[in-house]
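Q: The structure under discussion is supplied below as structure tokens; questions concerning it will follow.
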Protein chains: 2
Amino acid sequence: MNWVTGLQPQPIRRPGRATIEDVAAAAGVSVATVSRAIRGLPNVANSTRERVQRVAAELSYRADPAASRLATGRSQAIGVAVPVLNGWYFSNVVAGVEAVCTEAGYDTVVLGISSAEQRTRLIHDTDGIHRRIDGLVFVDVSYSEDELTGLADRHLHVVTIGVRSSVFPSVGIDDVEVGRLATDHLIELGHRRIAVLTGLAEDPLTFPVPLRRLEGYGIAHRDAGLAVDPALEVVGNFSVAGGYEAVNELLALDDPPTAIFAMSDEMAFGAIQLARERRIDVPRDLSIVGVDDHELSVMVDLTTIHQDVEDHGARAARMLLDGLSIDRPAPTRLEDPVHLVVRGTTGPPRAT
Amino acid sequence: MNWVTGLQPQPIRRPGRATIEDVAAAAGVSVATVSRAIRGLPNVANSTRERVQRVAAELSYRADPAASRLATGRSQAIGVAVPVLNGWYFSNVVAGVEAVCTEAGYDTVVLGISSAEQRTRLIHDTDGIHRRIDGLVFVDVSYSEDELTGLADRHLHVVTIGVRSSVFPSVGIDDVEVGRLATDHLIELGHRRIAVLTGLAEDPLTFPVPLRRLEGYGIAHRDAGLAVDPALEVVGNFSVAGGYEAVNELLALDDPPTAIFAMSDEMAFGAIQLARERRIDVPRDLSIVGVDDHELSVMVDLTTIHQDVEDHGARAARMLLDGLSIDRPAPTRLEDPVHLVVRGTTGPPRAT
DNA sequence: CTGAAAGCGCTAACAT
DNA sequence: ATGTTAGCGCTTTCAG
């Protein structure tokens with residue numbers, strides 16, 4: 001009730017912000033009808049629908065997202081959780097996700113998961129995340145199956161990129177094959193001491209992709225009757241600087257490698273840089289193969305394994321959006337083929 | 001009404017989702033007190049606040065963001081609008097923004113503004129954006145002052161990165177100085193025919209940064225008593241491929257340049273690549289200077305102009321968040337100093 | 001096909 | 001210091 005009769009009877013309201021009631025009034029129908037008409041629900045006479053839509057357009061009416069979220073329980077937004085936002089791989093994934101989401105009328109909220117603490121908060125809902133988004137795509141941020149099951153139980157829709165999951169759909173590549181492909185290439189060229197630049201030195205659980213690639217690396221060795229030397233496995237953190245440092249270490253070895261399998265092009269770039277500074281001839285004295293087919297690899301003539309990362313993001317988003325209507329989508333796996341792109345940084349070792 | 005008496009009498013409610021009423025009941029207080037206690041508002045006895053917070057924690061209660069958004073009108077989310085999401089510059093900006101926002105408890109929603117249509121939709125509220133976010137940072141997506149004023153009138157808080165604005169705060173660098181610095185460096189080395197790789201060939205309004213840098217390029221020439229040759233201004237679209245193509249064109253000229261000022265490192269990378277393929281000696285036959293100080297520039301030994309992009313994003317976010325409480329923040333300009341980093345891709349021209 | 005009304009969960013007066 | 005209650009703007013039975 002308004003006690004101060006006649007004084008500012010209407011609440012302070014931003015001008016131009018038409019509500020559903022305004023539209024209803026202007027169209028001479030009830031708010032329920034407006035809601036139906038606008039969202040394309042059935043049981044609305046065509047003439048009515050038309051009129052309502054016209055009026056809504058005139059008033060440039062848009063349903064308040066918060067209000068409809070409150071009423072429906074859906075936020076029309078999805079989240080994309082990535083360890084780091086800059087960095088070639090992740091920004092491409094995000095780009096793919098965003099494109100699809102925007103197209104579908106969903107907002108894309110980015111969630112940086114750089115620390116273990118952020119990772120925990122996210123999964124344990126300390127963060128209240130699943131009130132803010134309808135679904136989540138995890139990009140190479142990995143959780144135990146138990147944790148994921150927990151999410152599923154709370155009705156959060158998830159798609160993972162990179163790591164595969166037994167509880168949620170996922171898209172990625174065959175990382176074992178990646179490791180095998182790269183290593184095989186090197187072995188075929190005649191290399192016997194092949195170093196590998198891997199990811200973070202953390203709990204394997206948090207990032208299994210390097211492990212899979214390492215597995216492929218191992219398989220290639222085994223198949224060729226070669227033994228792997230643990231000393232040749234160095235952490236490069238998937239960064240240029242990390243790759244640089246890693247190779248620096250490797251070259252200090254008594255018996256340094258003749259070839260390097262870098263699990264990302266960025267690490268390979270770092271490796272190349274160090275080689276240049278040290279005046280090491282690539283590929284004569286050191287062969288280098290990367291993974292990603294970064295747009296700059298062609299520039300440095302890097303042999304690498306191609307994958308279409310932006311497409312991974314797009315496909316993941318599509319899967320997620322499609323799955324939103326189903327209560328528990330099957331944990332399908334979408335696996336993109338990968339292939340080796342041979343360029344100039346790999347060749348036979350000098351002393352073959 | 002539930003017709004099947006006795007069956008599932010309570011509404012379908014996700015388990016574990018405590019509401020403010022649950023907390024109130026459990027703590028033996030009213031919902032208003034819970035609200036106050038949890039948000040740290042005054043007028044709550046310490047003992048009460050403690051108890052409420054404890055109970056809330058036990059029930060792992062979190063205010064439903066949609067509900068509070070509806071009640072308060074604030075969404076606790078900010079948007080960051082970028083032309084493209086992959087690409088070194090933009091992903092770094094977004095990373096900076098996200099870090100600050102997350103820290104402050106705000107969600108970061110990314111908005112790709114690749115098409116003119118998306119640009120229009122966003123600004124004209126066809127998108128309903130300002131119901132979804134409290135503030136917006138525009139990253140090198142430029143609008144007329146009129147359009148921006150329109151946004152301000154609708155109480156949308158904005159900070160721009162790159163382009164400066166007379167209506168909203170902005171952070172960036174002195175782009176005229178960037179152009180001058182790069183060009184001067186080349187002129188001092190003795191170059192007289194200096195090409196410039198610019199941005200999009202679109203409406204200047206949509207992207208003034210290249211224009212400012214071009215201005216600096218012009219000033220440097222004028223100060224040195226040199227004339228600029230329009231034929232040496234080529235569009236490179238700020239991409240590696242664009243830079244490659246642009247230089248390809250330049251070299252076809254009757255009187256090709258001896259030096260190139262690329263407005264981004266990525267274009268410079270493309271230029272370097274082409275030079276390599278053509279066996280053009282850099283810097284002997286072609287000097288190249290970029291802008292950004294991309295982490296890979298050191299790798300290709302690129303002379304460039306350094307700027308801290310991630311920091312731009314962080315500062316913009318901070319300004320935006322700080323300004324949220326003020327009705328119309330002053331259009332301050334935060335300008336980061338830039339400096340030339342001389343590396344190996346620039347040197348005196350052969351025929352000095 | 002359309003309307004009335006009861007929420008959705010929270011905040012913010014206003015009372016006490 | 002705490003409680004009551006009226007919205008916020010929309011969706012969704014349920015009635016008609």
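Every number in this text was worked out from the coordinates using simple rules, so none of it is lab data. Note that the structure is predicted; figures quoted are calculated from it, not measured. Virtual Cβ from ideal backbone geometry, glycine too; neighbours counted across all protein chains shown.
Q: Run through the other copies and list how far each one's label point is from that of B:Glu147, in nm with one decimal, shortest first; the point sits 7 Å from Cα along Cα-Cβ.
A: So the label point of B:Glu147 gives 4.2 nm to the other copies.
Q: If you don't mind, there's one more thing I want to ask. By DSSP, what percent of the beta bridges with both residues in the protein assembly as shown are antiparallel, rounded to the nearest 5?
A: Working: 9 of 79 bridges.
If we restrict to bridges inside the protein assembly as shown, about 10 percent are antiparallel.
Q: While we're on this one: Which one, B:Pro65, B:Pro256, B:Pro208, has the greatest fluctuation when you compute a Gaussian network model over chain B with C-alpha springs under 10 angstrom?
A: B:Pro65
Q: So what is the relative contact order of the stretch B:175-306, in percent, for Cα pairs below 8 Å that sit 6 or more residues apart? Don't skip to the end; give the middle numbers.
A: Numbers: 247 pairs, mean separation 34.1, N = 132.
26 percent.
Q: Averaged across the residues of A:82-95, what count of C-beta atoms belonging to other chains lies within 10 Å of each residue's C-beta?
A: Working: counts 2, 0, 3, 14, 14, 5, 5, 1, 3, 10, 4, 2, 6, 10.
Going residue by residue through A:82-95 and averaging, the value is 6.
Q: Starting from the Cα of A:Arg222, move 7 Å in the Cα-to-Cβ direction to define the label point; list residues of the stretch A:150-175 whose amide nitrogen is under 13 Å from there.
A: Backbone N within reach: none found.
Q: Among B:His339, B:His185, what is the fewest-to-most ranking by other Cβ atoms within 10 Å? Mind showing how you got there, number by number?
A: On the way: B:His339 11, B:His185 21.
Sorted ascending by nearby Cβ count, the order is B:His339, B:His185.
Q: Could you tell me which of rounded, prolate or oblate describes the stretch A:175-306, using a ≥ b ≥ c as the square roots of the eigenvalues of the alpha-carbon gyration tensor, with rounded for a/c under 1.5 and, failing that, prolate when a/b is larger than b/c and oblate otherwise? Display every interim value, and only then the final one.
A: Numbers: a/c = 1.28, a/b = 1.13, b/c = 1.13.
Here the stretch A:175-306 falls in the rounded category.
Q: For a paramagnetic label modelled at 7 Å from the Cα of A:Val341 toward its Cβ, which residues of the stretch A:156-173 fall within the zone defined by backbone nitrogen distances under 20 Å?
A: A:162, A:172-173
Q: How shielded is B:127-136 by partner chains, expressed as the average number of their Cβ atoms within 10 Å of its Cβ atoms?
A: Numbers: counts 3, 6, 3, 2, 7, 9, 2, 0, 0, 0.
Averaged over the peptide's residues, the number is 3.
Q: Expressed as a rounded percentage, what relative contact order does chain A have, with Cα pairs under 8 Å and six or more residues apart?
A: Details: 664 pairs, mean separation 60.4, N = 352.
Contact order relative to length: 17 percent.
Q: Between A:Glu233 and A:Ala330, what is the spin-label point distance in nm, taking each point 7 Å from the Cα along the Cα→C-beta axis?
A: Output for this residue pair reads 3.5 nm.
Q: Here is a further query. Name the most mobile residue of A:Ala275, A:Ala18, A:Ala195, meaning the one with the largest mean-square fluctuation, in a Gaussian network model of chain A with Cα contacts below 10 Å.
A: Looking only at A:Ala275, A:Ala18, A:Ala195, the biggest GNM fluctuation is shown by A:Ala18.
Q: Taking other Cβ within 10 Å of each residue's Cβ, how do B:Val100, B:Val23 sort, fewest first?
A: Details: B:Val100 20, B:Val23 25.
Final ranking by Cβ density, sparse to dense: B:Val100, B:Val23.
Q: How do A:261-272, A:35-46, A:226-237 rank on mean C-beta neighbours within 10 Å, highest first? Don't skip to the answer; put the middle values down first.
A: Working: A:261-272: 30.2, A:35-46: 13.4, A:226-237: 16.8.
Peptide ranking by packing, descending: A:261-272, A:226-237, A:35-46.
Q: Something else now. So who's got an amide H within less than 5 Å of the one on A:Val137, skipping anything under 5 residues away but keeping other chains? H placed 1.01 Å off N, in plane.
A: Long-range HN contacts for A:Val137: A:Gly79, A:Val80, A:Ala81, A:Val159.
Q: I'd like the mean, over residues of B:294-301, of how many other protein chain beta carbons sit within 10 Å of each residue's own Cβ.
A: 6
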